[in-house]
Protein chains: 2
Amino acid sequence: MSQRPKSRPPNSHSPPSSSSPPASPSLDAKSQALTALSLAPTMPRKSILKPTLATLLSLLALYAFFTTFLSTPDPTHLPSSSLQSSPEKSAPLRIYMYDLPRKFTYGVIESYAKARGGSKSPADDVSRLKYPGNQHPAEWYLFSDLTRPDRDDSVVTRVLDPEQANLFYVPFFSSLSLVVNPIRPVGLAGDGVPVYSDEEMQEELIHWLEEQVYWRRNNGWDHVFVCQDPNALYKVVDRVKNGVLLVSDFGRLGQDRASLVKDVILPYSHRINTFKGEVGVGDRKSLLFFMGNRYRKEGGKIRDLLFQLLEGEEDVVIKHGAQSRESRRMASQGMHTSKFCLHPAGDTPSACRLFDAIVSLCVPVIVSDYIELPFEDVIDYRKIAIFVDSSSAVKPGFLIKLLQGVSAERILEFQQELKKVKRYFEYEDPHGTVNEIWRQVSLKLPLIKLMINREKRLVKRELTGPDRSCLCSNQSGIQTTL
Amino acid sequence: MSQRPKSRPPNSHSPPSSSSPPASPSLDAKSQALTALSLAPTMPRKSILKPTLATLLSLLALYAFFTTFLSTPDPTHLPSSSLQSSPEKSAPLRIYMYDLPRKFTYGVIESYAKARGGSKSPADDVSRLKYPGNQHPAEWYLFSDLTRPDRDDSVVTRVLDPEQANLFYVPFFSSLSLVVNPIRPVGLAGDGVPVYSDEEMQEELIHWLEEQVYWRRNNGWDHVFVCQDPNALYKVVDRVKNGVLLVSDFGRLGQDRASLVKDVILPYSHRINTFKGEVGVGDRKSLLFFMGNRYRKEGGKIRDLLFQLLEGEEDVVIKHGAQSRESRRMASQGMHTSKFCLHPAGDTPSACRLFDAIVSLCVPVIVSDYIELPFEDVIDYRKIAIFVDSSSAVKPGFLIKLLQGVSAERILEFQQELKKVKRYFEYEDPHGTVNEIWRQVSLKLPLIKLMINREKRLVKRELTGPDRSCLCSNQSGIQTTL
């Protein structure tokens with residue numbers, strides 16, 4: 001697996017949170033074996049008292065969730081104990097954010113700054129720390145969301161007592177950690193500044209987690225990790241794979257590590273400005289726009305082929321360009337004045353460009369056969385984008401003819417749909433990406449609870465095929481019709 | 001696959017529904033190709049107008065569900081069209097029950113009666129039809145639930161307009177159909193009464209479905225089938241496997257047909273009386289009780305081994321007995337006066353005996369390595385049952401020693417937990433099994449919507465492994481620890 005980060009973020013800034021870090025509960029870190037001993041229920045041990053209570057609380061909370069949200073509960077049917085111990089009425093997803101050692105959160109920002117010649121000592125006031133702008137800022141927005149003081153409007157309740165939690169969030173800034181060291185170090189070696197090691201950070205995170213009783217309690221199934229950069233957490237992903245992974249795509253994740261069932265696909269942060277104008281084609285003179293790296297690895301090799309095909313075509317703007325403030329300005333201008341915006345695969349199937357196109361109301365033309373898309377249960381991407389398989393896309397004349405055939409009326413329909421779903425891709429919108437990520441995570445809860453309960457009561461058995469907790473919706477990946 | 005039904009229901013009766021059948025909408029049955037043409041969005045066709053509208057409505061409805069239940073929506077963020085076209089405030093799961101030809105529902109009851117010498121003409125008044133009591137009555141209870149007039153207390157809204165539905169229920173009485181022909185036909189051949197063919201019924205159901213526009217629209221993903229008897233629908237299961245299958249276990253379903261992610265495990269109907277007394281061990285003189293068929297196929301072969309081990313043991317009652325009114329009376333008496341009730345695998349891993357034990361407050365001892373359990377996201381079965389792997393269970397002395405070692409106090413704890421969850425296994429309880437089945441089905445909605453949206457925009461691609469919509473929580477089936 002490649003250790004090189006997929007991209008380097010430029011040094012623009014997002015607003016930092018001024019909230020204080022979470023309270024640190026005193027956890028009993030004593031090891032609690034949770035093997036599938038079929039006899040466990042007959043042999044209660046003191047050491048499993050706490051987890052049992054927590055499981056009960058979680059169950060009761062889930063019960064409360066379902067009766068609150070999916071039925072009109074009859075109080076006489078509530079188990080009496082649930083009435084006593086259920087937490088106050090709250091959002092169904094009750095998340096406990098670990099109070100990680102500072103080096104995993106604010107410390108990563110400091111290391112990033114330090115590696116670029118910034119302050120060498122930890123900031124006294126974390127509110128003055130600036131998380132660097134980049135394509136993978138979900139870790140920052142989720143952390144900031146959980147630390148903000150007034151959370152009544154959120155779909156997730158943050159609990160300070162882990163016993164009340166049904167999920168545990170591990171807020172390591174894994175994507176930023178990957179790019180702490182600049183591609184071209186600026187004379188730091190001589191200063192005696194220790195070289196930052198993302199790999200060591202990943203290992204240290206695991207060591208820290210392994211001390212946590214709640215991590216061991218359910219084999220990690222109820223833990224949530226953000227690893228938005230496709231290479232984030234790469235060294236330890238096998239050890240966190242039971243958890244809910246918040247990822248950009250599955251390009252770097254093995255078959256048994258991640259799936260649409262267990263994990264959540266995140267959007268990249270768009271890197272160009274949102275188009276503020278109205279729908280319309282009059283001011284969009286170019287047919288098709290693309291600006292980005294011409295040469296990429298793996299799935300991205302199609303880019304060079306597309307350049308060869310499209311360069312010189314009338315009405316098409318296709319430019320090689322790396323991320324920079326100036327190229328972002330040019331890309332903004334281009335995307336705001338084109339009808340269609342090309343989204344070819346990069347090193348992995350996803351890229352920020354799709355989200356740039358969406359907020360530009362520039363109809364995305366997706367040439368990325370293995371792409372997975374964020375929030376696809378609520379967004380029908382066929383209404384906002386055109387999908388072209390790679391082999392068709394590289395046929396001479398195919399793309400241009402296809403796009404020229406789309407009527408202005410149809411483009412307006414696409415744009416109107418783009419406007420409707422745009423908020424899902426705005427990390428800053430209070431009703432935008434962050435809330436939607438939490439909603440997606442909350443949808444995983446029932447299956448997580450099922451897996452946790454089931455795994456603990458499973459006895460040893462011989463299996464010839466995959467376990468029945470598997471689902472392959474369509475093994476071939478090719479659509480079948482009835 | 002065996003074509004013999006797993007069990008034969010005796011002829012006791014459940015209360016019939018007096019509701020009228022659902023209104024029959026006039027559906028446009030014209031074929032609507034939904035192949036994965038990547039260019040589809042650029043070529044709108046008249047014929048996809050309806051499905052598109054329905055998809056939009058479903059999306060809006062889902063949107064309404066999530067904003068209603070998981071956040072405090074800001075009206076300014078609602079797409080304006082959703083405000084106009086969303087159905088009135090209702091439960092999140094909006095199900096359309098097909099108005100199947102009568103032969104698939106009431107007709108199956110009539111055929112069952114006819115095959116046993118009952119009336120030979122269809123009943124004028126369906127309210128006089130009695131669904132025969134058996135272990136697999138979910139089809140009857142779900143149908144009756146959807147046809148009852150006042151459904152305000154339900155977790156599922158029944159809609160009469162399929163355009164408003166997010167799921168489609170196919171109410172074929174597939175389990176009863178399997179046992180319409182008695183094991184020993186009672187002189188019917190001479191009467192010229194046509195022999196009932198369950199296989200033909202299954203085929204006819206598929207032919208009927210294939211005419212339905214909503215069946216074809218989403219490749220069946222949004223359809224719900226009840227096939228509670230492990231052999232129900234066996235002949236056509238490959239053609240309905242995209243749907244949500246309501247099943248007893250996966251014993252007869254191939255690896256690629258069913259999973260915990262897509263499908264719902266149903267409880268059998270308990271066949272003995274619910275224990276009305278209080279928790280306690282004083283009146284439970286027997287240590288362990290089992291009554292049932294000593295000889296079964298496949299996983300059930302362990303039964304004979306257990307008989308050999310346990311027969312003659314002090315405090316153990318173990319009897320061979322087939323289903324009959326008298327044996328049920330004896331089993332009731334035995335389960336109400338024993339501390340533990342054995343649940344060995346039958347021909348498939350599940351059996352009604354587990355649910356008999358639960359409503360008897362007789363702690364189940366589950367010896368069925370591949371069992372899947374109903375509603376396991378909200379029920380931690382380790383709190384109500386003891387799991388013993390088969391190889392341990394057949395070791396001489398093992399089971400008895402294990403159970404003798406369980407303290408009276410621990411048994412009381414089990415019984416208290418059994419009391420709490422008992423309602424989940426009562427089909428007659430308005431807050432019982434039926435509501436819980438619908439709740440389980442509603443939990444599948446987001447993934448169904450995701451699969452539908454995703455499948456339609458997938459382009460042709462080459463896959464070397466399973467598709468990424470797969471999840472195998474634990475391929476080995478053996479618990480791992482971190």
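The values are calculated or read from the model by the stated rules, or taken from the named source; none is laboratory data. Keep in mind that this is a model prediction, so the values were computed, not measured. Neighbour counts are summed over all protein chains in view; Cβ atoms, including those assigned to glycine, are modelled from backbone coordinates with ideal geometry. The protein model used for the area step is the full one, side chains on, heavy atoms only, and it has no ligands, DNA or RNA in it. Shrake-Rupley method; radii C 1.70, N 1.55, O 1.52, S 1.80 Å.
Observations on the model:
- Flag if residue B:270 is open to solvent by less than 10 Å² (accessible area, probe 1.4 Å) and either outside the structural domain of residue B:168 (by TED's automatic domain parsing) or not hydroxyl-bearing (Ser, Thr, Tyr) (or both): no
- Among residues that are assigned by TED's automatic domain parsing to the domain that holds residue A:257 and either part of a loop (DSSP other than H, G, I, E, B) or modelled with pLDDT under 90 (or both), residue A:460 is included.
- Look at segment A:203-217: where a residue is within 11 Å of another protein chain (Cβ to nearest Cβ) and part of a helix (DSSP H, G or I) and a partner is buried (at least 16 other Cβ atoms within 10 Å of the Cβ) and among the charged types (D, E, K, R), sitting 6+ places away or on another chain with Cβ atoms under 7 Å, you get A:206/A:239.
- Scanning segment A:410-453 for residues that are closer than 18 Å to residue B:448 by Cα and not assigned by TED's automatic domain parsing to the domain that holds residue A:158 yields no hits at all.
- Candidates are the residues of segment B:279-305 that are in contact with a Lys or Arg (Cβ under 9 Å, 6 or more places away or on another chain) and either assigned to a helix (DSSP H, G or I) or open to solvent by 50 Å² or more (accessible area, probe 1.4 Å) (or both); the one that is modelled with the lowest pLDDT is B:296.
- Within segment A:111-125, tally of residues that are assigned to a loop (DSSP other than H, G, I, E, B) and open to solvent by 20 Å² or more (accessible area, probe 1.4 Å): 10
- Subset of segment A:369-386 [open to solvent by less than 10 Å² (accessible area, probe 1.4 Å) and not acidic (Asp, Glu)]: A:371, A:373, A:374, A:375, A:379, A:381, A:384, A:385, A:386
- If the condition is being touching a Cys at 6+ places or on another chain (Cβ under 8 Å), over 21 Å from residue B:309 (Cα atoms) and either of a type in the set (Phe, Trp, Tyr) or not in a helix (DSSP H, G or I) (or both), then segment B:329-361 contributes only B:360.
- Among the criteria (1) within 14 Å of chain B (Cβ to nearest Cβ); (2) at pLDDT 95 or above; (3) open to solvent by less than 10 Å² (accessible area, probe 1.4 Å), the one residue A:339 does not fulfil is (3).
- Search result, residues across segment A:412-424 that are open to solvent by less than 10 Å² (accessible area, probe 1.4 Å) and at the interface with chain B (Cβ under 10 Å from one of its Cβ atoms): A:414
- Put simply, of B:316, B:279 the only residue that is more than 25 Å from residue B:139 (Cβ to Cβ) and not assigned by TED's automatic domain parsing to the domain that holds residue B:334 is B:279.
- Total residues in segment A:167-182, condition over 21 Å from residue A:116 (Cβ atoms) and at pLDDT below 95: 0
- Being in contact with a His (Cβ under 6 Å, 6 or more places away or on another chain) and more than 24 Å from residue B:419 (Cα to Cα) is a property that residue B:325 lacks.
- The sole residue among A:128, A:102 that is modelled with pLDDT of 85 or more and either among the aliphatic types (A, V, I, L, M) or surrounded by fewer than 21 Cβ atoms within 10 Å (Cβ to Cβ) (or both) is A:102.
- For segment A:183-206, residues that are of a type in the set (A, V, I, L, M) and modelled with pLDDT of 90 or more total 3.
- Pairs are defined by a Cβ separation below 8 Å, a sequence spacing of at least 6 or placement on different chains, a first member in segment B:300-326 that is in contact (Cβ under 8 Å) with a residue 24 or more places away in the chain, and a second member that is of a type outside the set (Gly, Ala, Ser) and open to solvent by 80 Å² or more (accessible area, probe 1.4 Å); the pairs so defined are B:303/B:295; B:309/B:396; B:315/B:285; B:318/B:311.
- Residue within segment A:205-216 that is aliphatic (A, V, I, L, M) and surrounded by fewer than 23 Cβ atoms within 10 Å (Cβ to Cβ) present: yes
- Of all residues making up segment A:448-460, the number that are more than 7 Å from every other protein chain (Cβ to nearest Cβ) and open to solvent by 10 Å² or more (accessible area, probe 1.4 Å): 1
Conditions tested, residue by residue: (1) under 30 Å from residue B:136 (Cβ atoms); (2) not β-branched (Val, Ile, Thr).
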residue	(1), (2)
B:410	no, yes
B:420	yes, yes
B:423	yes, yes
B:433	yes, no
B:439	yes, yes
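- Whichever residue in segment B:233-263 is more than 10 Å from chain A (Cβ to nearest Cβ) and among the hydroxyl-bearing types (Ser, Thr, Tyr) and, among such residues, is most open to solvent (accessible area, probe 1.4 Å): B:234
- Matching residues, segment A:387-401, being surrounded by fewer than 20 Cβ atoms within 10 Å (Cβ to Cβ) and facing another protein chain (nearest Cβ under 9 Å): A:389, A:391, A:392
- Answer residue from segment B:136-174, given it is more than 30 Å from residue B:351 (Cα to Cα) and part of a helix (DSSP H, G or I) and is least open to solvent (accessible area, probe 1.4 Å) among those: B:162
- In segment B:386-411, the residues that are in a loop (DSSP other than H, G, I, E, B) form Cβ pairs under 9 Å with partners that are acidic (Asp, Glu) and open to solvent by 10 Å² or more (accessible area, probe 1.4 Å), at six or more places apart or across chains, as follows: B:389/B:369.
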